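Every number here is computed from the coordinates shown, using simple stated rules; none is lab data. Treat the numbers as computed from the prediction; the structure is a model and nothing was measured. Don't worry about glycine lacking a Cβ; one is built from the backbone with ideal geometry, like all the others, and counts go over all protein chains shown.
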Amino acid sequence: TPEMDEKLIERISKHPCYSEEAHHHYARMHVAVAPACNIQCNYCNRKYDCANESRPGVVSELLTPEEAAHKVLVIAGKIPQMTVLGVAGPGDPLANPEKTFRTFELIADKAPDIKLCLSTNGLMLTEYVDRIKQLNIDHVTITLNTIDPEIGAQIYSWVHYKRKRYRGVEGAKILLEKQLEGLQALKEADILCKVNSVMIPGINDKHLVEVNKAIRERGAFLHNIMPLISAPEHGTHFGLTGQRGPTGKELKEVQDNCSGNMKMMRHCRQCRADAVGLLGEDRSQEFTKDKFLEMTPEYNF
Ligand code: CLF
Ligand code: SF4
């Protein structure tokens with residue numbers, strides 16, 4: 001938009017998720033280095049990728065930070081439009097801080113022109129904002145589905161925080177507070193923040209306008225409302241209780257109701273935790289572990 005300043009445009013212009021325009025020209029890759037998680041979302045089955053950012057029901061191949069860095073260099077050499085590296089699972093990246101930050105460090109060191117992107121449930125965000133800033137990670141996604149602990153208790157079955165497990169409203173309250181604090185801390189550190197919200201009919205659908213207002217007030221840059229994908233065979237709580245996802249029409253209606261004066265993301269493709277390529281294009285199978293470990297990086301920067 002014309003009122004966006006030039007510096008901001010430059011920060012998003014090569015990020016396919018933050019700029020609708022960019023997604024036609026620039027590609028992203030994910031590396032699955034973060035297996036553990038510290039909460040339990042009712043739309044997630046731990047056997048699969050983190051459904052906060054990814055497509056539920058998909059299993060990504062777990063990599064060590066060193067393997068991930070090798071993969072990134074191989075792919076960046078082969079796909080010139082590759083501009084962004086994201087860590088988005090298969091669990092919560094900040095529940096695996098050593099693996100996640102080691103991966104970012106290796107890539108910042110070897111491929112400094114690749115933009116770094118991180119997706120998290122937000123529980124541990126305030127603890128790591130300084131480290132995120134230090135590593136020059138300019139794009140962080142928080143999945144924030146509600147600002148009401150009563151609704152949260154229907155979405156999260158437990159939250160593990162500081163060596164204790166909290167259930168129901170008590171757990172949701174901790175998570176929700178930490179998410180909003182995290183958002184504020186990102187704003188203060190001048191890191192661009194996208195918020196993902198999973199739309200769950202009958203649970204948070206009517207409430208998402210309020211979520212949108214709350215994140216807007218705290219300076220989120222972009223809001224991505226994603227449809228719940230819930231299939232019984234994925235074995236999630238919602239899948240087993242028959243919770244349905246929204247129709248395309250219902251999703252669009254909520255996005256339209258939120259779009260007052262904030263940018264809404266409407267081109268999300270709910271990628272895998274090991275996605276490679278333009279959004280909507282899946283080249284992950286060209287770069288499975290058995291394949292990329294045999295390839296020599298030809299990346300020049
Ligand atoms: Fe990956 Fe996410 Fe970064 Fe993009 S995906 S960590 S912000 S580089 Fe993009 Fe994929 Fe949607 Fe995510 S289309 S699921 S929003
Ligand atoms: Fe699953 Fe991600 Fe939620 Fe953890 S944060 S339970 S990995 S969807």
Worksheet item: Under a GNM of the chain (C-alpha, springs under 10 Å), which listed residue has the highest mean-square fluctuation: Glu67, Glu217, Glu21?
Response: Glu217
Practice prompt. Tell me what the chain gives for mean residue ellipticity at 222 nm when only DSSP H runs of n ≥ 4 count, each as -39,500 (n - 2.57), the sum divided by the residue total, rounded to 500 deg cm²/dmol.
Written response: -10000 deg cm²/dmol
Fill in: segment 85-143 shape via C-alpha gyration tensor axes, a/c threshold 1.5
prolate
Worksheet item: What net charge do the residues around His234 carry, taking every other residue with its C-beta under 15 Å from that of His234, with Lys and Arg at +1 and Asp and Glu at -1?
Response: +3
Response to the item:
So the number of lysine pairs in segment 150-301 with alpha-carbon atoms under 24 angstrom apart, 8 or more residues apart or on different chains, is 28
Worksheet item: Could you name the aspartates and glutamates in cross-link range of Lys99, using Cα to Cα under 12 Å and dropping any fewer than eight places away on the same chain?
Response: Glu66, Glu67
Fill in: the chain: most fluctuating residue of Lys291, Lys164, Lys110 per GNM, C-alpha cutoff 10 Å
Lys164
Item to complete: For segment 16-53 and segment 223-301, compute the distance between their C-alpha centroids and round to whole Å.
Response: 7
Fill in: Distance in nm between pseudo-label sites at Glu286 and Glu127 (7 Å out along the Cβ direction from Cα)
3.8
Practice prompt. Taking the Cβ of Arg102 as the centre, find all other residues whose Cβ is under 12 Å away and add up their charges (Lys, Arg: +1; Asp, Glu: -1).
Written response: -3
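Is the C-alpha gyration tensor of segment 162-206 telling us rounded, prolate or oblate? Criteria: a/c under 1.5 is rounded; beyond that, a/b larger than b/c is prolate, otherwise oblate.
oblate
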Worksheet item: Helix 208-217 versus the longest principal axis of the chain: what angle, 0 to 90°, nearest 10, using Cα atoms?
Response: 60
Fill in: Using alpha-carbon coordinates, inclination of helix 168-188 to the longest axis of the chain, degrees
50
Worksheet entry | Of all DSSP beta bridges in the chain, antiparallel share, percent nearest 5 | 25
Worksheet item: How would you classify segment 140-272 from its alpha-carbon gyration tensor, with a ≥ b ≥ c the square roots of the eigenvalues: rounded for a/c under 1.5, else prolate if a/b is greater than b/c, otherwise oblate?
Response: oblate
